[in-house]
Amino acid sequence: MCGIVGYIGNKKAKPILINGLLRLEYRGYDSAGIATIESNGIKNVKNKGRVAELENNSEINELEGTIGIGHTRWATHGKPSEINSHPHMDNKKTTAVVHNGIIENYIELREFLSKNGYEFLSETDTEVIPNLIHYYYEKTSKSGKLDFLKAIKETVNQLKGSFAIEVLNNDFKNEMFVLRKDSPMVIGKGIEENYISSDIPAILSFTKDFYLLNDFEFAVLGRDYIEFYDSNLEKFNKEIKNITWDMSSAEKGNYADFMLKEIFEQPKSIRETIGSRVVKNARIQIDELDISKEYLQNVDRIYIVACGTAMYAGMTAKKILEKYCRIQTEVDIASEFRYRNPLITDRTLCIYISQSGETADTIAALNLAKEHNAKTIAISNVIGSSIVREADYSLYTHAGPEIAVASTKAYTSQIVLLAILGIYFAEVLGVSYNELEELKEEILEVPTKIEEVLKKADQIKQFAKKIANEKDVFFIGRGIDYTVALEGALKLKEISYIHSEAYAAGELKHGPIALIENGITVIGVMTDNLLSSKTISNLQEVITRGAKTFIVTNQNLENVSFNEIINIPQISSYISPILSVVPLQLLAYYISKEKGLDVDKPRNLAKSVTVE
Ligand code: AGP
């Protein structure tokens, strides 16, 4: 979705803003722009298309200012075009604004402003913001920045929806103003220079010291100061946070794409996620949680709620929670959960999973649980993200920044963390099974086993070449393998644009087998000793009908003939997706490359889905 950067310091703002926008490209966008304060006022340059086109825009060479704001726009209101791109300015060209989020009541606000003589050039919801700021600022005595802050405050009081906004004004040539509500925004502190971004990796090369802005908090950035104001415009101090992600984690290094890098980083990201939480022959340590046996005994059900890949990770935890904790567990799509009036009581435990921590539907689903006084746990990869701030407890996956739109290392880190959480709950409840002790040991072995799977990359690449031109691909599995089939199909369609669907293998005969015809590819996942023979029967049914088969398995399949078998190490079926997904991630990656597509930034998709 849209991205924001801002800079104030003693250097030229333009290259720093462009650098930040390039690092935000992964979020998905269709136009870009920057505005800087020049000696003769604000200068605004923007265009439809990539940041590279903005860099080549002849007008950009005129920008010399040392304070500026930048934006990548993912079109919501109005098509991608220069006029709809941000920054937007008020009619008098005094104020420039970039905005992430959606202003739901922009039509009423446009009408109000039109009646007061304002005109609109774009189709966007954003254009009301600089004009409203102008309108309210004109009503003050314009005697200092507090008056300008009042105008911003009056403006945001009128806005319904979500917004992170960055504002420049001609009267304040050495300051930049920001505010957020339900849309991410961080402030980076440098030495005699300060930064703003919607996303930490965009400015990680400049600083590791961050302030995390909360809803309805205002910040005013000067070159060597940052002031914070609460919603009553009272000044307050904010704690600074040091981010431990290193710069290289947000760069491709020797890899052709971020996605490939992130797939290969999985042994490391799993190690980081396990951290000191799992130690052999000791109880699980989750310092962030304070959950008692009495509370867990009283829980009426657990909901695990998320979107997309994070939801598929959530599906893997149901078995462990129901079998060992004996707590009914349901896994829900956040966009469905929030509107389906789920049975939430003050005895319900709701777990929300979101790599970015900013997914609008997941946040709304979390707020719903809070309205019912249910306890909430957030699992996220981004420090200080919105779900983390909203939930009662937060657990980080520590996978490092995930830049590719298609999630890989975040998914496997989420699964390992959920398994750890499941064992933790079982231990708090006082249940003890040898299997759980073994599972802890298996968790510790996962990174080494992923390294083994990664060695199959070449074999997978060769198979990818053979099926890159397919129109349809089907994925099947049973039990936990079905959840991986879902994730494999999502990965493939996201980055290769091949129509791919996953089915629970037992469901094939109830309809989908009608789609099987000569030459079609069916991908089977089999890691569960108890269910694999059943899936083999289903695969034989599709082979009989002419299907080509690609199998990911840790089973002995000597007597069955498949086109390609990727053998993976043995692993407990509670966490097998962490290994079995890796060949599917690589397959999707190599097919996308074979088709010459943009792996990291697939069409129409955004890394962080901050609107519903
Ligand atoms: C994953 O490959 C997808 N791009 C997408 O399904 C993603 O997992 C989903 O949008 C949820 O994002 P989140 O984890 O940041 O909430």
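For the stretch 378-386, indicate whether the set of residues that are among the hydrophobic types (A, V, I, L, M, F, W, C), modelled with pLDDT of 95 or more and open to solvent by 20 Å² or more (accessible area, probe 1.4 Å) is non-empty.
no
For the stretch 358-374, check the following and say yes or no: at least one residue is touching a Leu at 6+ places or on another chain (Cβ under 9 Å), within 13 Å of the ligand (Cβ to nearest atom) and of a type in the set (Gly, Ala, Ser).
The answer is no; no qualifying residue exists.
Out of all the residues in the stretch 572-612, which are assigned to a loop (DSSP other than H, G, I, E, B) and more than 16 Å from the ligand (Cβ to nearest atom)?
Across the stretch 572-612, the qualifying residues are 572, 573, 574, 575, 576, 595, 596.
Could you list, ordered by first residue, the pairs with Cβ atoms under 7 Å in which the first is in the stretch 119-145 and free of Cβ contacts under 8 Å to residues at least 24 places away in the same chain and the second is part of a loop (DSSP other than H, G, I, E, B) and not β-branched (Val, Ile, Thr), at least 6 apart or interchain?
Close Cβ pairs satisfying both conditions: 120/127; 135/116.
Just checking, which of 610, 521 is outside the structural domain of residue 403 (by TED's automatic domain parsing) and in contact with a Phe, Trp or Tyr (Cβ under 9 Å, 6 or more places away or on another chain)?
521
Please specify each residue of the stretch 247-280 satisfying the condition of being part of a loop (DSSP other than H, G, I, E, B), touching a residue at least 60 places away in the same chain (Cβ under 8 Å) and either touching a Phe, Trp or Tyr at 6+ places or on another chain (Cβ under 7 Å) or more than 27 Å from residue 375 (Cβ to Cβ) (or both).
If the condition is that a residue be part of a loop (DSSP other than H, G, I, E, B), touching a residue at least 60 places away in the same chain (Cβ under 8 Å) and either touching a Phe, Trp or Tyr at 6+ places or on another chain (Cβ under 7 Å) or more than 27 Å from residue 375 (Cβ to Cβ) (or both), then 256, 257, 265, 280 are the ones that fit.
Could you tell me which of the residues 396, 433 is open to solvent by 10 Å² or more (accessible area, probe 1.4 Å) and farther than 23 Å from residue 266 by Cα?
Only one candidate passes the filter, namely 433.
What is the residue count in the stretch 19-59 for residues that are open to solvent by 10 Å² or more (accessible area, probe 1.4 Å) and closer than 16 Å to residue 204 by Cβ?
Total meeting the criteria: 5.
Kindly indicate whether any position in the stretch 506-517 is closer than 29 Å to residue 322 by Cα and among the hydrophobic types (A, V, I, L, M, F, W, C).
Yes, the conditions are met somewhere in the stretch 506-517.
Could you check how many residues of the stretch 334-349 are among the hydrophobic types (A, V, I, L, M, F, W, C) and away from the ligand (no atom under 15 Å from the Cβ)? Walk me through it before giving the result.
If we filter the stretch 334-349 for residues that are among the hydrophobic types (A, V, I, L, M, F, W, C), which is where we start, we get 334, 337, 343-344, 349.
Then drop every residue that is not away from the ligand (no atom under 15 Å from the Cβ), which leaves 343-344, 349.
Number satisfying all stated conditions: 3.
Take the stretch 213-223 and flag every residue that is farther than 20 Å from residue 71 by Cβ and open to solvent by less than 40 Å² (accessible area, probe 1.4 Å).
Looking only at the stretch 213-223, we keep the residues that are farther than 20 Å from residue 71 by Cβ, and these are 214-217, 222-223.
Answer for the stretch 213-223, where residues must be farther than 20 Å from residue 71 by Cβ and open to solvent by less than 40 Å² (accessible area, probe 1.4 Å): 217, 222.
Starting from the stretch 351-372, take each residue that is more than 13 Å from residue 184 (Cβ to Cβ) and list its partners that are acidic (Asp, Glu) and more than 9 Å from the ligand (Cβ to nearest atom), counting only C-beta distances under 6 angstrom and pairs at least six apart or across chains.
Listed by first residue and then by second, the contacts come to 361/612; 366/390.
Here are 541, 558, 517: which of them is open to solvent by 10 Å² or more (accessible area, probe 1.4 Å), in a loop (DSSP other than H, G, I, E, B) and in contact (Cβ under 8 Å) with a residue 24 or more places away in the chain? Can you show your working first?
Working: 541 fails: in a loop (DSSP other than H, G, I, E, B); 558 fails: in contact (Cβ under 8 Å) with a residue 24 or more places away in the chain.
Checking each option against the conditions leaves just 517.
Since residue 409 meets every condition but one in (1) open to solvent by 10 Å² or more (accessible area, probe 1.4 Å); (2) basic (Lys, Arg); (3) within 16 Å of the ligand (Cβ to nearest atom), which condition does it not meet?
(1)
Which condition number in (1) open to solvent by 40 Å² or more (accessible area, probe 1.4 Å); (2) farther than 28 Å from residue 399 by Cα; (3) touching a strand residue (DSSP E or B) at 6+ places or on another chain (Cβ under 6 Å) is the one that residue 482 fails?
(2)
Please tell me if residue 450 is over 13 Å from residue 320 (Cα atoms), within 13 Å of the ligand (Cβ to nearest atom) and open to solvent by less than 30 Å² (accessible area, probe 1.4 Å).
Values: over 13 Å from residue 320 (Cα atoms): yes; within 13 Å of the ligand (Cβ to nearest atom): no; open to solvent by less than 30 Å² (accessible area, probe 1.4 Å): yes.
In short, no.
With the structure loaded, tell me whether residue 443 is touching a residue at least 40 places away in the same chain (Cβ under 8 Å), crowded, with 24+ Cβ neighbours inside 10 Å and over 23 Å from residue 548 (Cα atoms) or whether it fails that test.
Against the criterion (touching a residue at least 40 places away in the same chain (Cβ under 8 Å), crowded, with 24+ Cβ neighbours inside 10 Å and over 23 Å from residue 548 (Cα atoms)), residue 443 qualifies.
One line per residue, one yes/no per condition, for (1) surrounded by 15 or more Cβ atoms within 10 Å (Cβ to Cβ); (2) farther than 16 Å from residue 42 by Cβ:
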position	(1), (2)
88	yes, no
96	yes, no
114	no, yes
121	no, no
134	yes, no
140	yes, yes
153	yes, yes
162	yes, yes
167	yes, no
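I need the helices (runs of 4 or more DSSP H) fully contained in the stretch 81-167, keeping only those with at least 2 residues that are out of contact with any Gly (no Cβ under 8 Å at 6 or more places or on another chain) and of a type in the set (Val, Ile, Thr). Explain how you work it out, then say what you get.
Working: elements: 106-115, 128-138, 145-158.
Per the criteria, 128-138, 145-158.
Test residue 104 against the stated conditions and say whether it is open to solvent by 60 Å² or more (accessible area, probe 1.4 Å), more than 31 Å from the chain's Cα centre (by Cα) and in the same structural domain as residue 226 (by TED's automatic domain parsing).
no
For the stretch 186-242, how many residues are assigned to a loop (DSSP other than H, G, I, E, B), among the β-branched types (Val, Ile, Thr) and modelled with pLDDT of 95 or more?
Final tally of qualifying residues: 0.
The values are calculated or read from the model by the stated rules, or taken from the named source; none is laboratory data. Note that this is a predicted model, so its numbers are computed, not measured. Please note: Cβ atoms are built from the backbone with ideal geometry, for glycine as well, and neighbour counts cover all protein chains shown. Note: areas computed on protein heavy atoms with side chains; ligands, DNA, RNA excluded. Shrake-Rupley method; radii C 1.70, N 1.55, O 1.52, S 1.80 Å.
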